Amino acid sequence: MQPHGRRSDPVRRLSGLRRPDARSARLYPVHLARSGRQRARHRHRRPHRQSVRTAAGPVSFATGAVYRKEKGWRDPDPLTVLGVANTNQQDPISGSSTAKEAYLELSVPVLANVPFFKALTLDGAVRYSNYNLFGSDWNYKLSADWMINDDFRLRGTYGTGFRIPNVPELFGGVSEGNLTTTDPCSRFASSGNATLIANCQASGVPANYVQLGTTILTTAGGNQDLKPESSTSWTIGTVIQPKGLVPGLSLTADWFDIDIKDAIRAIPGSTKLAVCYASANLSSEFCDDFTRSPLTGEVTYLSAQPINTGREQMSGLDLGLVYNRTIGGVAITLDVNATWLNKYVVLPFPGGAPIDFDGYIGGGNGGYPKWRGYGVLTAAKDGISATWSTQWIGKATDFNAAPEDVGYRTPNVFYHNAQLAFEIDQKTRFQIGVDNVFDRKAPYIQSFTDANTDTMTYDLFGRRFYAGFRTAF
């Protein structure tokens, strides 16, 4: 059973959800001694499988047990721990967690080769998990696969999910970094926003305050107060394979809906500041995560450590097209996938105002355009294959920019890649290629994370060439 009960996790696939990187100015080269490691141990008993038969086919089930231990540690140089080195302060960390799990999976063919039911199969799975840090939990998943005929199929799933914080999220320690952050109180007096003006004045920010630079010293790292996140999800979709009309063509469409409670997320500093100063009378819980200088009004402390958000809700549509055909002895394969993000809303804490993520980008949050896609076209013959792939990142609006700002809205961005591969024999392959063929530059983002863009979303390297060789012994 995968977390949140889907074939894939669209949240991570669409964005990556990575934390912003800490940046610091290094004036003098100092060699620091530090060490760190993360280790995982797994013991998995071989599943027990048996099969009985119904009129529609064999009933299959599998059982198994898993023991897992994860441990991580980091030992920064003593000067780094004291905060007197030429880098940002870091704490030593160490922690571990263990899990014991057992599962049962069942697949039951219900109908076969009757009118309107070429095949109907019901699947179920249940998993029991026991964690030394968080207690125990049960999760399950149910799914149905209804093949109406050879050309048309319906499918759906419903399941629950449970994820404990991993070792870095729990025991990642605390480090400081000058992160790209937008202070909403910069030039607040001329903003025309009554709530913003009142809140900035209540915080003691001078009327003529202007943020110096684009970064704020921010603490990031682990949070040992994190709780597990839980979720429910469902999907419903169809597969169309019109073999009589277009042999080799397969079309898929799947609607997904995911609801995560206590989701583990590192809310960027820009978002915390923006939510705080948009709340009535500074009522947001995020207003407790930073302090300001009583003299200058600048932010002197800001926390971006991971927290359990109140809730995250996501829904959208996955579309797929696969086409296989042989023309003149050349095998042609086209594989295209696209995702439309209907909704992605984060409730930062119970009772808090929702934060819309769908259609937005920047500010250290990552990118969540309404549309994304990826397509691959391959032609192969006699061990030689040529591949052209295209990645599409749709339009998005900057989280923190005003409509009149440059970089407020990003355009559609396409990255094209090409590769030529030679299968010398069954064990040996040689390939050459070029990524970002047309040298597409990353668009400017007003609340950039680095390099004047969103480094979590766009390519920074430009056109590049490569060659590779692979063999087996």
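Considering each of Ala472, Ala402, Ala442 in turn, give the residue that is in contact with a Ser or Thr (Cβ under 7 Å, 6 or more places away or on another chain), part of a loop (DSSP other than H, G, I, E, B) and open to solvent by 20 Å² or more (accessible area, probe 1.4 Å). After applying the criteria, what remains is Ala442. Exactly one residue out of Val81, Val66 is open to solvent by less than 70 Å² (accessible area, probe 1.4 Å) and not in a strand (DSSP E or B): that is Val81.
Residue check: Tyr415 meets all listed conditions (1) free of Cβ contacts under 8 Å to residues at least 60 places away in the same chain; (2) aromatic (Phe, Trp, Tyr); (3) part of a loop (DSSP other than H, G, I, E, B) but one, namely (3).
Comparison of Tyr131, Tyr140 shows that the only residue that is at pLDDT 95 or above and either within 30 Å of Gln224 (Cβ to Cβ) or touching a helix residue (DSSP H, G or I) at 6+ places or on another chain (Cβ under 8 Å) (or both) is Tyr140.
Residue count for the stretch 213-243, restricted to those that are modelled with pLDDT of 90 or more and farther than 30 Å from Leu133 by Cβ: 10. Residues in the stretch 175-195 that are over 14 Å from Ala278 (Cα atoms) and more than 33 Å from the chain's Cα centre (by Cα) were compared, and the one that is most open to solvent (accessible area, probe 1.4 Å) is Arg187.
Exactly one residue among Thr457, Thr449, Thr387 is closer than 29 Å to Asp335 by Cα, at pLDDT below 95 and crowded, with 16+ Cβ neighbours inside 10 Å, and that residue is Thr457.
Restricting Thr157, Thr214 to those that are polar (S, T, N, Q) and open to solvent by 50 Å² or more (accessible area, probe 1.4 Å) reduces the list to Thr214. A single member of Ile260, Ile236, Ile240 is open to solvent by less than 30 Å² (accessible area, probe 1.4 Å) and touching a Ser or Thr at 6+ places or on another chain (Cβ under 9 Å), and it is Ile260. Among residues of the stretch 208-222 that are under 21 Å from Phe188 (Cβ atoms), those with a beta-carbon under 7 Å from a residue that is of a type in the set (A, V, I, L, M, F, W, C) and part of a loop (DSSP other than H, G, I, E, B) at least six positions away or on a different chain give the pairs Tyr209/Cys185; Thr218/Ala304.
When the criteria are applied in full, Gly222 fails the requirement of being crowded, with 20+ Cβ neighbours inside 10 Å and more than 30 Å from Ala451 (Cβ to Cβ). In this structure, is Arg34 under 28 Å from the mean Cα position of the chain (by Cα), modelled with pLDDT under 80 and of a type outside the set (Asp, Glu)? Criteria not met by Arg34. Within the stretch 252-274, residues that are within 17 Å of Gly177 (Cα to Cα) reach partners that are open to solvent by 20 Å² or more (accessible area, probe 1.4 Å) and hydroxyl-bearing (Ser, Thr, Tyr) with beta carbons closer than 6 Å, at six or more positions or on different chains, in the pairs Ser270/Thr182. Screening the candidates Gly394, Gly375, Gly320 for the property of being free of Cβ contacts under 8 Å to residues at least 40 places away in the same chain, under 22 Å from the mean Cα position of the chain (by Cα) and more than 27 Å from Gly177 (Cβ to Cβ) yields one hit, Gly394. Going by the structure shown, is Gly297 of a type in the set (Gly, Ala, Ser), part of a loop (DSSP other than H, G, I, E, B) and open to solvent by less than 70 Å² (accessible area, probe 1.4 Å)? Considered against the rule, which asks whether it is of a type in the set (Gly, Ala, Ser), part of a loop (DSSP other than H, G, I, E, B) and open to solvent by less than 70 Å² (accessible area, probe 1.4 Å), Gly297 comes out as yes. Among the criteria (1) modelled with pLDDT under 95; (2) closer than 30 Å to Asp382 by Cα; (3) hydrophobic (A, V, I, L, M, F, W, C), the one Val330 does not fulfil is (1).
The values are calculated or read from the model by the stated rules, or taken from the named source; none is laboratory data. Just so you know, these numbers come straight off a predicted model, no measurement behind them. Glycine also receives a Cβ, built like all others from the backbone with ideal geometry; neighbour counts cover every protein chain displayed. Each accessible area value is taken on the protein alone, full model and side chains, heavy atoms only, with ligands, DNA and RNA left out. Shrake-Rupley method; radii C 1.70, N 1.55, O 1.52, S 1.80 Å.
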